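To keep things clear, I will list the structure first and then write my remarks on it.
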Amino acid sequence: MSYSPSPRARSGPRRRTLLASLAGATALLTGCSAGSDPAERAASAATRARARAARDSADLLARYDAVLDAHPALADRLSPLRAAVAAHRDAFGGAPETPAGKTPKGAKAPKSPSPAPTASADRKEALTSLASAERTVADRRAAALLEVPGELARLMASVSAAGAAHAYLLTEAAK
């Protein structure tokens, strides 16, 4: 005996297909409205990473300034490293320094300035602390490389390597 189709042949999609399509469309619409576009997420992550890197460099600058204030005799040794850290901050979009501590026109002033760091009166301890800060920031930047897009990753890798070199030089100076 052969199977014969029912006299009422179905035309159009089946019920399961419609339900699956509806569920997929709902998920797609919900995902889009929540800002889950991969490009948007990547841009947001890059913006956060860039801002964090600029803040880290600004914090390092404040540490360099504290050590230089406590130990002016280290100016010849620390000034080139400090200048590099300032360039790193600027490369990440941080506010450049201006005379009299004014924020440049068009730049955003910091929301709440953190208290100025202090440096140890002991030269070796001050340099060791500064080296540790450089190493911590360099490690944080190296870890963030996987989270950011190409050009920013290259910048962060370069600045991370420079920070590791600074940490080495500061450690050697502390000996």
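Before moving on, here are some points about what is shown:
- In this structure, ARG16 does not satisfy being over 22 Å from VAL137 (Cα atoms), within 25 Å of the chain's Cα centre (by Cα), in a helix (DSSP H, G or I) and modelled with pLDDT under 95.
- Residues in the range 111-160 that are among the hydrophobic types (A, V, I, L, M, F, W, C) and in a loop (DSSP other than H, G, I, E, B): ALA116, ALA119, ALA121, VAL148.
- Members of the range 141-175 found to be surrounded by fewer than 19 Cβ atoms within 10 Å (Cβ to Cβ), over 27 Å from ALA70 (Cα atoms) and among the basic types (Lys, Arg), listed by number: ARG154
- Failed condition for ALA133, given (1) at pLDDT 95 or above; (2) surrounded by fewer than 16 Cβ atoms within 10 Å (Cβ to Cβ); (3) small (Gly, Ala, Ser): (2)
- Residue in the range 90-99 that is among the charged types (D, E, K, R) and either in contact with a Pro (Cβ under 9 Å, 6 or more places away or on another chain) or modelled with pLDDT under 90 (or both) present: yes
- For the range 44-63, the count of residues that are within 12 Å of the chain's Cα centre (by Cα) and loosely packed, with under 13 Cβ neighbours inside 10 Å is at least one.
The values are calculated or read from the model by the stated rules, or taken from the named source; none is laboratory data. Please read these numbers as outputs of a predicted model, since none were measured by experiment. When we count neighbours, we look across all protein chains shown, and the Cβ atoms used for this are built from the backbone with ideal geometry, even at glycine.
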